[in-house]
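Asks: This is the structure, below, for whatever I ask next.
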Amino acid sequence: MTPNPTYSEEERAIIYATAVYFAHILNMNGVDVIIDGTGNRKKYRDLARNTLKRFALVYVKCPLEITIEREKNRRSNTAPQGIYEKALTGKSKTVPGVNVPFEEPTDAVLTVHTDQTGASECADEIIYNLWGRFF
């Protein structure tokens, strides 16, 4: 959403508000939307909850040390590499859970533990839960 992201608190607030706005517009036109984001602040999640009529927060939980290890082994080109290494060495000061607070959700309709359950099983659990909730 930004050509040269800074990941500042101000920029994060704008990005999350924009994602919620687009989801709202799409919902008004009959399109279901999944917002895939860190949502490290309760206020971002509350904005979505208060704006979207059909809202469900799913917490995809993973301990930080496992997230860091997975990033090192990731083969994808779709996301920036080395985010946690930069945070841990002080080159980045804006990584949620490392040097920016991560406010853990306490009100998720579902929490999947990716350190205990495989990706396919987590996806199945999410789909089953959301399907039963909305359809």
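All of the numbers you see were taken from the coordinates with simple rules; none came from a lab. Treat the numbers as computed from the prediction; the structure is a model and nothing was measured. Backbone-built Cβ (ideal geometry, glycine too); neighbour counts: all protein chains shown.
Asks: Which percent of Cα pairs goes in each bin when the distances of the chain are cut into 10 angstrom slices starting at zero?
Replies: 10, 36, 39, 14, 1
Asks: Hey, got a sec? Which trypsin sites (Lys or Arg not before Pro) in the stretch 25-74 land in a DSSP loop and have at most 14 other Cβ atoms within 10 Å?
Replies: 53, 54, 74
Asks: Taking θ as phi - 60°, what are the ³J(HN,Hα) couplings along the stretch 18-25 by the Karplus curve (6.51, -1.76, 1.60), each to the nearest whole Hz, with x for Gly and Pro?
Replies: My calculation for the stretch 18-25 gives 5, 4, 5, 4, 4, 4, 4, 4 Hz in order.
Asks: Once you wrap a convex hull around the alpha carbon atoms of the stretch 1-55, what is its projected area averaged over all directions, in nm²?
Replies: Approximately 3.8 nm², given one-decimal rounding.
Asks: Under 5 Å between amide H atoms, partner at least 5 residues away or on a different chain: which partners does residue 92 have, H built in plane at 1.01 Å?
Replies: Under 5 Å from the amide H of residue 92 lie the amide H atoms of 87, each far enough along the sequence or on another chain.
Asks: Subtracting the Cα-Cα distance from 0.36 nm times the residue separation, let me have the gained length for residue 113 to residue 2 in nm, one decimal.
Replies: Computed gain between residue 113 and residue 2 is 36.9 nm.
Asks: Pull up all non-local amide H partners of residue 110: gap of 5 or more, or a different chain, and H-to-H distance under 5 Å with H placed in the peptide plane.
Replies: Under 5 Å from the amide H of residue 110: 59.
Asks: Only four residue types carry charge here, +1 at the Cβ of Lys and Arg and -1 at the Cβ of Asp and Glu. Report the dipole size of the chain about the Cα centre in Debye, rounded to the nearest 20.
Replies: 280
Asks: What number, in percent, do you get for the relative contact order of the chain if the mean sequence gap of Cα pairs under 8 Å and at least 6 apart is divided by its residue count?
Replies: On the way: 104 pairs, mean separation 33.7, N = 135.
Here the relative contact order equals 25 percent.
Asks: Who wins for biggest fluctuation among 40, 99, 73 in a Gaussian network model of the chain, springs between alpha carbons below 10 Å?
Replies: With Cα springs under 10 Å in the chain, the top fluctuation among 40, 99, 73 is at 73.
Asks: Using 0.36 nm times the number of residues separating residue 32 and residue 56, minus their current alpha carbon distance, what extension gain do you get?
Replies: Additional length available on full extension: 7.5 nm.
Asks: Rounded to whole Hz and in sequence order, give me ³J(HN,Hα) for the stretch 106-122 from the Karplus expression 6.51 cos²θ - 1.76 cosθ + 1.60, θ = phi - 60°, writing x for Gly and Pro.
Replies: So the Karplus estimates, Gly and Pro as x, are 10, 10, 5, 6, 7, 10, 10, 9, 6, 7, 10, 10, x, 4, 5, 5, 4 Hz.
Asks: Something else about it: Measuring from centroid to centroid over Cα atoms, what is the spacing of the stretch 8-51 and the stretch 71-120 in Å?
Replies: 19
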